[in-house]
Amino acid sequence: MSNTESTTRENTLEYSIGLGDDSLMLGQRLAEWCRNAPLLEEDLAISNVALDFIGRANMFYEYAVELAKVTGGVFKNQSVDDIAYLRDSREYLNLLIFEMPIGDFAYTMTRQLIVDLFNVDYFTALSASSDSRLAAIAAKTLKESKYHLRRSHEWALRLGDGTEESHTRMQNAVNELWGYTPELFEMSETELALLPAGISVDRAALFDTWEARVSGILNEATLDHPPGDWQVTGGRAGVHTEYHGHLLSEMQFLQRAYPGLAW
Amino acid sequence: MALLPVTTHDQLIRSKARENSLCPQIWALLDTVTDPEIPVISIWDLGVLQDVIEQASRVEVVITPTYSGCPAMREIEQDICKTLKRAGYSHVEVTTRLSPAWSTDWMSKQGKQQLMDFGIAPPTPTWQVRKVICPQCASTDNSLISEFGSTACKALYKCNDCLEAFDYFKCI
């Protein structure tokens, strides 16, 4: 095996972990709505979307587990569950927007809108990846994200252009989340290294389309576009918000209390 | 205008795999494996079963998951193993094929009828305008209650004629 080949494999492994972590964190957050949603249909909808995100995390981690068999390193001989449940905060590589708390319903749906819009373009691009496994995962995921977007788009319009109360809550959510959106378009070193071979997606290139579409929806929902005068990043380097540890303590409880427990 | 029966390329590959298979008896056995959430439809009719390969004493069953987070997939895997082991196949492996991604277009005509009889409105072909038929009274005057229903694969509708709520198998 050549040096470049093994470096590429290591980078692809880390890339898969990062994409898996993004999905797992949001899946875990959405699952917090289970039995707490404002109405039964929403409870079912959010739980279903949560399962889609946890399912895609599983697909990315499965690929990571297979790559680790060849690359060795910290993930060697680890299972998907080990990767999902037994790391500490600094070892998770998810972007910050995915770990933010659920807030109120407006906050949750605003994040979904931001993320679903982004994911549709991201997974469209990843489905053309030169890595056939990543391309297959992306093609599967894309169908689901398109479906998710239909709902988050509809809620954004209904709540944004709804009552005074729902409008205020939506505007607050947009303002509070906006500073976490630039990180979606930031390339990590690993992603940059995988770009020339056509394995990773050029995030920065997705910004203009996303910005145009999200602006259009905000406008349609009578919401103001935030000035974008602050931003926070660090997730891909393992530097997380204060919410991350609390999320992990709940998510990891079962595996920590009963090590090796299987479903 | 009558609609021509359209078979997608992916669907054609699936049916060829079954027709040309050297182990039709295994396919037949697998027809008894159903979706645990919708026990009237077999994994073949649902479009999940892709291929069966028998090599010496080893049987490989290839499946494509419906939704990434569908908890039924794991159960289906276990049911495949159980069914084949009961029939005397000791070495069974279930592999997952992600690409091409599963589509409701892979569902058989028989499968769609079984859904209808069970009380679930079958999916519209993806190339057609969505047409939802109430499984109780066959009315097409329906309204959407929620894009998401009791499982990942279904949406919730209400019939405006007989007023019954019913599940619609989402088309993806």
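The values are calculated or read from the model by the stated rules, or taken from the named source; none is laboratory data. Since the structure is predicted, the reported quantities are computational estimates derived from the model, not experimental observations. Backbone-built Cβ (ideal geometry, glycine too); neighbour counts: all protein chains shown. Remember, those area values only see protein heavy atoms, side chains included, never the ligands or the DNA or RNA. Shrake-Rupley method; radii C 1.70, N 1.55, O 1.52, S 1.80 Å.
Can you tell me which condition B:K154 does not meet? The list is (1) within 12 Å of another protein chain (Cβ to nearest Cβ); (2) over 15 Å from B:I172 (Cβ atoms); (3) basic (K, R), and all the others hold.
For B:K154, the failing item is (2).
Of all residues in the stretch B:84-114, how many are under 30 Å from A:D131 (Cα atoms) and away from every other protein chain (no Cβ under 14 Å)? Quick ask: steps written out before the conclusion?
Initial filter on the stretch B:84-114 (under 30 Å from A:D131 (Cα atoms)): B:92-107.
Next cut, away from every other protein chain (no Cβ under 14 Å) only: B:92-93, B:107.
Selection size over the stretch B:84-114: 3.
Report every pair of residues separated by at least 6 positions or lying on different chains whose Cβ atoms are under 7 Å apart, first residue within the stretch B:127-151 and in the same structural domain as B:Y67 (by TED's automatic domain parsing), second open to solvent by 80 Å² or more (accessible area, probe 1.4 Å) and in a strand (DSSP E or B).
Filtered contacts from the stretch B:127-151: no entries.
Checking the condition away from chain B (no Cβ under 14 Å) and touching a residue at least 24 places away in the same chain (Cβ under 8 Å), which residue from A:D82, A:D88 passes? Please lay out each step first, then the result.
On the way: A:D82 fails: touching a residue at least 24 places away in the same chain (Cβ under 8 Å).
Just one listed residue meets the conditions, A:D88.
May I ask you to list the residues in the stretch A:12-39 that are within 13 Å of chain B (Cβ to nearest Cβ) and either closer than 30 Å to A:L194 by Cβ or surrounded by 21 or more Cβ atoms within 10 Å (Cβ to Cβ) (or both)? Before you say what the answer is, go through the steps one by one.
First, pick out the residues of the stretch A:12-39 that are within 13 Å of chain B (Cβ to nearest Cβ): A:19-20, A:23-24, A:26-28, A:30-31, A:33-34, A:37-39.
A:L19, A:G20, A:S23, A:L24, A:L26, A:G27, A:Q28, A:L30 - these are the residues of the stretch A:12-39 that are within 13 Å of chain B (Cβ to nearest Cβ) and either closer than 30 Å to A:L194 by Cβ or surrounded by 21 or more Cβ atoms within 10 Å (Cβ to Cβ) (or both).
Mind listing whichever residues of the stretch A:231-263 are among the polar types (S, T, N, Q) and at pLDDT 95 or above? Lay out the reasoning, then the answer.
Within the stretch A:231-263, the subset among the polar types (S, T, N, Q) is A:231, A:233, A:241, A:249, A:252, A:255.
A:Q231, A:T233, A:T241, A:S249, A:Q252 - these are the residues of the stretch A:231-263 that are among the polar types (S, T, N, Q) and at pLDDT 95 or above.
Taking only pairs six or more apart or across chains, which ones have beta-carbon atoms under 6 Å, a first residue in the stretch A:40-55 that is more than 7 Å from every other protein chain (Cβ to nearest Cβ) and in contact (Cβ under 8 Å) with a residue 40 or more places away in the chain, and a second residue that is open to solvent by 10 Å² or more (accessible area, probe 1.4 Å) and of a type in the set (G, A, S)?
A:I46/A:A37
Name every residue in the stretch A:123-174 that is among the β-branched types (V, I, T) and open to solvent by 10 Å² or more (accessible area, probe 1.4 Å), in order of residue number. Reasoning before the result, please.
Of the stretch A:123-174, the ones among the β-branched types (V, I, T) are A:124, A:137, A:141, A:163, A:168, A:174.
Of everything in the stretch A:123-174, those that are among the β-branched types (V, I, T) and open to solvent by 10 Å² or more (accessible area, probe 1.4 Å) turn out to be A:T124, A:T163, A:T168.
Name the helices (runs of 4 or more DSSP H) wholly within the stretch A:148-259 that hold at least 2 residues that are of a type outside the set (G, A, S) and more than 23 Å from A:L117 (Cβ to Cβ)?
Details: elements: A:164-178, A:189-194, A:207-220, A:243-251, A:253-257.
Once the helices (runs of 4 or more DSSP H) in the stretch A:148-259 are filtered for at least 2 residues that are of a type outside the set (G, A, S) and more than 23 Å from A:L117 (Cβ to Cβ), what remains is A:164-178, A:189-194, A:243-251, A:253-257.
Within the set of pairs 6 or more residues apart or between chains, which connect a residue that is away from chain A (no Cβ under 12 Å) inside the stretch B:59-78 to a residue that is open to solvent by 40 Å² or more (accessible area, probe 1.4 Å) and in a helix (DSSP H, G or I) with Cβ atoms less than 9 Å apart?
What qualifies is B:V61/B:E77; B:I63/B:E77.
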